[in-house]
Amino acid sequence: MIKTVELSKVFRTEEVETTALNQVSFEIREGEFVAVMGPSGCGKSTLLNILGLLDNPSGGQYHFLDEQVANYTEKQRANLRKRNIGFVFQNFNLIDELSVFENVELPLIYLGYSASERKQRVEEVLEQMQIMHRRNHFPLQLSGGQQQRVAVCRAVVAKPHIILADEPTGNLDSTHGDEVMHLLEELNKNGTTIIMVTHSQRDASYAQRIIRLFDGQIVTEDKSTEFVLTAAAAQ
Amino acid sequence: MITYHIKSLLRSLQKQKTNAVVNILGLALGLGITLLIWIFVLHELSYDTFITDHDRIYRVHSQAVLGPGEPQEIPTAMFPIGEWTRREHPGVEDMVRFSSYYSSPEIIFRDESTVLPGIKFADENFFSFFGLELLTGQPEEVLSEPASIVISESTAARLAEEPLDVLYEVIHIQDQNYQITGIFKDLPDNTHLEFNAVSHHDNLPDMIKEGGLNFFTYLKVTPGADIAGIQQYMDETLADHVQTNPRYEGMTFHVAHRLMNIGDIHLRSNLIWEMKEGGSWQSVLVFSLLSVFILFVAIINYVNLATARSMLRAKEIGVRKVSGASRGNLIRQIMTESFLTVLLALVVAIVLAEIFSVWFSQILGIPLNLSTLLSTGGLLVILMILAVTGLLSGLYPAFYLSSFNPVRTLKGEVVRGKAGQRFRQALVVFQFTITIFVISSLVVMTRQLHYIQNRDLGFDQEEVIILENLSGGLWQSFQSVRARLESIPRVVSTGGANFIYGGTTNVSLISELGTEYDSGVLADVVTVDHGFLDVMGVDLVDGRNFHAGSEMDVQSALILNETAVRALGFEDPLGKQLDVVNIQGPLIGVISDFHMKSLHQPIEPLVLNYAQMGFPHIYLKAAPGEFAPLMGDITDALQEFDPNYTPNIRFLDETIALLYQQERRATSLLSTGAILAFVISLLGVYGLAAFAAERRVKEMGIRIVLGASIRQLLWKYNRESVILAVLSMLIAWPIAWLAMDRWMSGFAFTVSINPLWFILPGVLILVSGAVIISIQTHLAFKNNPVEALRHE
């Protein structure tokens, strides 16, 4: 479903050149639940942004649903993104001026669904995530856990093939964190591919596979918790 | 989708109330004055467009050359020229002419005497030509008999309780009977035509038709007709006529014709003898520009606030992008928001316009009616304003905001583009420049107006009253009327004259008797009696005044002003024999120069001649005191001679003030504009400062922790605005100076420009901006920004 070949990302400012991703190659199959781990600044978020078609790589190939998308324009990426990818963020990123219902409805609007279809889909998801009773509330009236649940609703409402979660439990206490992880697990069981960036070993344990990054390179790709410098060993 | 946008807009307005008020109020003020100005502009442009085929109707103007000098253009033509042209020129389809004869004749109707001003004597197709509406009567027939007269609805209402009852009754005017054959609907306000009654020109004495340029003449041309060709045809035809007609033998008589479209007359003609005071296209242009300026200032506020607040929206934009919004979606959304905000502001603006329309009508001197906006033109203007304002307000924010990188905004990285900031600074400079320009211009115009209204005009205008348009009865017993008026204790002196101050005078060539024609000069010729110079307090610098009752002086004595003496090159003027058209005689006195016309014009050579009776106007000098009882005494005195006469009284100082009405209107409107531009600009500064202070809490906290004092902070945060204000001054000054120099060139007498008039408005902007920013900084400082650091 997803395949990267020697993917690189270099950020340039006037004085400094930073390599965020350095020739990263891996593959993720449909229905997998993959965690991406690594210390701060190792390139996790950069990788997630590229996988989520929010950013283009500086080099290498990125195959998304068998298409080479590394050089897509912003417009092409937006088009592909809205049909196939749902996002969950650490800080929820709900729009404060929109109600729960309207926040969840957002992706359907941009996909051109009719009002009645939107109502049906949104209510279905809210019901499923057990947050229907809050449908007319605004984000600031909800607890962190509830906000993240709404964010998950928004991520799945358009039935994407893949969900990208960036530290989804980072701003939550352990009870609410577990709740969200259960939701993601449920979704995965129902066939949604999930890629999750996390610092938490506990969250990572929900995943079937862990990709560990260090200084922009993949150091290991399994469920082990040990660091094995495979890249170095290969040389 | 649109309801969705409306909902989210209303919620964000509610959430950011200061922002909402500044945005909507700023826009509404700008839009409000724009609407009012455009109602005025539409009114000015609507003149005479109700006339059938107005685009094909032209008035014939004559440029008459009288002696040396520039030809003078007048809005009338010789009687036969219109008819010849209609008959002979294929480009002319129809023609109508009319002339006045009596100014305010006494009439007798149902045995009662009254006056009927504004009678025109016209061709019989008058009503069908202009397509004027008749309440009763057929347009083609009402004037078919010479002794018929058609009167206006309001005249009919004045004559009888049941206006329509007057039909077929007889009006007696100056020894002749006229039968009322029709009643026309009162003319609307937006026409250059003015008359209360129309009869046939067969009633006019032959001399009116035979010589002189006495007839307003209108031609209806065929579609696409060659206007220049018609003018040329008229010039040639008249030249032939003059050459072959013994009547003109030995006379210098040359007339060039010019056709002016009836729709242009109100704004572009403004010649002497117009039926009523015209408008000015310069005013229309200046006012439209002012409205555009103010609207720009308001739009800039919106754009600045929208982009400055972009940080607050960055997250929303990011979320929308990851939820699948394309850039196009976002641009559409932000544009929709801007249009909705403008629409909201427009509603407020219409309310404001309605509230201020009465006051505005007074400023502009025309009735402004908001219902004008419901006409096709009005709706087009509203749509145009909405489109332009919405587009200009939304375009930059839309492209700017939608360009945000969602990855960075969602991480909470502050979006702070250098380009965005520069753009905002440029807009502030533009806004300040306009404001300084408008205020500086206002100061200069006000000073000039003050100067011309307080300049020594060469006579004493205080307590001088003009009794205008005496009736025929009063004309005839003029000296007795004068004596009776002077017997009123408060009346100091009286004098007769044949001109109204500031109005038109006869102009003719004067020269020393026996010299070449070429050595003459053009001078204003005014007939007065011996009391006139006394009433006006004009000094006699040499010689004597006219002797009361001297038949000799009536026949030949002349008085010149100093300018005329200089122009004629007289070293020792007294006793020189002068030749002034129909008077030849000695120069008996020289008076000091005084202004007889507005200060737009220089003092021209003037010649006074003497008459003892037959003056249409009396000038009267009163002792200071209350005027109401004096008016009563004057009315009583005049009615002893003519019981039906209602005096038409004007104060000289008011008459003089009327000469600068256009300028006063412009100044009043400009003050409104200046205040608005100033308020809107400061609203913008306030909005930006409030927002900056809000954002700077953390920065201030760090600075304070590191030891910054409030004074250092104030300077830090004021510096940018001070630099922008100074930059704006440097741009605004030369533009304002040039514009005012141009404006002042319309006056023959001008005040000298004081640099302070330009500096002070700039300083005003600078200081006001600094005060606002300092207050905001101070408030933020008081709230202890160090606290904010703990919550980071």
Check: When the accessible area of segment B:539-631 is split by element with a 1.4 Å probe, what percent falls to carbon and sulfur?
Finding: 51 percent
Item checked: Distance violations [Cα-Cα > 23 Å] among A:K119/B:K411; B:K185/B:K209; A:K3/A:K75; A:K189/B:K321 -> A:K119/B:K411; B:K185/B:K209; A:K189/B:K321
Notebook entry, point to check: Comparing the chain by itself with all protein chains present, which residues of segment B:1-23 are at least 30 Å² less accessible (probe 1.4 Å)?
Noted result: B:M1, B:Y4, B:R11, B:K15
Next item on the list: Note down the nm distance, to one decimal, between modelled labels 7 Å out along Cα→Cβ at A:V10 and at B:H54.
Entry: 7.1 nm
Check: When Cβ neighbours within 10 Å are restricted to other protein chains, what is their mean count per residue of peptide A:94-103?
Finding: 5
Notebook entry, point to check: What list of ³J(HN,Hα) couplings, whole Hz, do you get for segment A:194-211 from phi and the Karplus terms 6.51, -1.76, 1.60, once you set θ to phi - 60° and write x for glycine and proline?
Noted result: 10, 10, 10, 8, 8, 9, 8, 4, 5, 5, 4, 5, 6, 7, 7, 8, 10, 9
Notebook entry, point to check: Roughly how tilted is helix B:281-308, in degrees to the nearest 10 and between 0 and 90, from the longest Cα axis of chain B?
Noted result: 10 degrees
Margin query: Need the per-residue list for segment A:46-80: every residue with at least 50 Å² less accessible surface in the complex of protein chains than in the chain by itself, probe 1.4 Å, sorted by number.
Written below: A:L54
Next item on the list: Find the accessible area per residue for segment B:299-440; the probe is 1.4 Å, ligands and nucleic acids are left out, and the unit is Å².
Entry: 40 Å²
Next item on the list: Would you check the accessible area of B:W281, probe 1.4 Å, heavy atoms only, in square angstrom rounded to 10?
Entry: 100 Å²
Notebook entry, point to check: Ranked by accessible surface with a 1.4 Å probe, highest first, in what order do B:H61, B:H547 come?
Noted result: B:H547, B:H61
Notebook entry, point to check: Got a sec? What order do B:I759, B:I355, A:I131, B:I773 fall in by accessible area at 1.4 Å, biggest, i.e. largest, first?
Noted result: B:I355, B:I759, B:I773, A:I131
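Accessible area per residue for chain A in Å², computed with a 1.4 Å probe and the full protein assembly in place, what is it?
With all protein chains present, chain A gives 45 Å² per residue.
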Check: With no solvent and one point per C-alpha, what does the Debye sum give as log10 I(q)/I(0) for chain B at q = 0.06 Å⁻¹?
Finding: -0.55
Notebook entry, point to check: Pulled fully out, how much extra length does the chain show between B:E83 and B:S671, if you take 0.36 nm times their separation in residues and subtract their Cα-Cα distance?
Noted result: 206.7 nm
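List the GluC sites (Glu not before Pro) within segment B:110-186 that fall in a DSSP loop (any state other than H, G, I, E or B) and whose Cβ has at most 15 other Cβ atoms within 10 Å.
On the way: sites: B:E112, B:E124, B:E133, B:E140, B:E141, B:E153, B:E161, B:E169; in loops: B:E124, B:E133, B:E140, B:E141, B:E161, B:E169.
Sites meeting the loop and neighbour criteria: B:E133, B:E140, B:E141, B:E161, B:E169.
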Next item on the list: Could you pull out every residue, at least 5 positions away or on a different chain, whose amide H is within less than 5 Å of the one on B:N648? Hs are placed 1.01 Å off N in the peptide plane, and Pro or chain starts have none.
Entry: B:E468
Check: Amide H to amide H, which residues 5 or more places from B:K120 or on other chains are under 5 Å from it, using H placed in the peptide plane?
Finding: B:N196, B:A197, B:V198, B:S199
Notebook entry, point to check: Taking every eigenvalue of the Cα gyration tensor of segment B:520-627, multiplying by 5 and rooting it, what semi-axes result, largest first, whole Å?
Noted result: 23, 18, 13
Notebook entry, point to check: Counting only protein heavy atoms and rolling a 1.4 Å probe, how much accessible area do B and A lose on contact, total for both sides, in Å² to 100?
Noted result: 2200 Å²
Next item on the list: Round to the nearest 10 and give me the degree value, 0 to 90, for the angle of helix B:418-454's Cα axis relative to the longest principal axis of chain B.
Entry: 30 degrees
Checklist line | Largest-first ellipsoid semi-axes for segment B:521-572, taking √(5λ) over the Cα gyration tensor eigenvalues, angstrom | finding: 20, 13, 11
Checklist line | Per-q log10 I(q)/I(0), the protein assembly as shown, q = 0.05 Å⁻¹ (Debye; single scatterer per alpha-carbon; no solvent) | finding: -0.53
Notebook entry, point to check: What angle, in degrees between 0 and 90 and rounded to the nearest 10, separates the Cα long axis of helix B:710-744 from the longest principal axis of the Cα atoms of chain B?
Noted result: 20 degrees
Item checked: With all protein chains modelled, accessible area of A:T193 [1.4 Å, Å²] -> 0 Å²
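Round to the nearest 0.05 the FRET efficiency obtained for A:D215 and B:K698 when R0 = 45 Å and r is the Cβ-Cβ distance. Provide the component values of the computation, followed by the final result.
Working: r = 32 Å, r/R0 = 0.71.
Result of the calculation: an efficiency of 0.90.
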Next item on the list: Determine, from the Cβ-Cβ distance of A:H199 and B:I723 and an R0 of 35 Å, the FRET efficiency 1/(1 + (r/R0)^6), rounded to the nearest 0.05.
Entry: 0.15
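The values are calculated or read from the model by the stated rules, or taken from the named source; none is laboratory data. This structure is a prediction, so every number in the text was calculated from the model and none was measured. Glycine gets a Cβ as well: all are built from the backbone with ideal geometry, and neighbour counts include every protein chain shown. Calculation scope for accessible area: heavy atoms of the full protein, side chains included, ligands and nucleic acids excluded. Shrake-Rupley method; radii C 1.70, N 1.55, O 1.52, S 1.80 Å.
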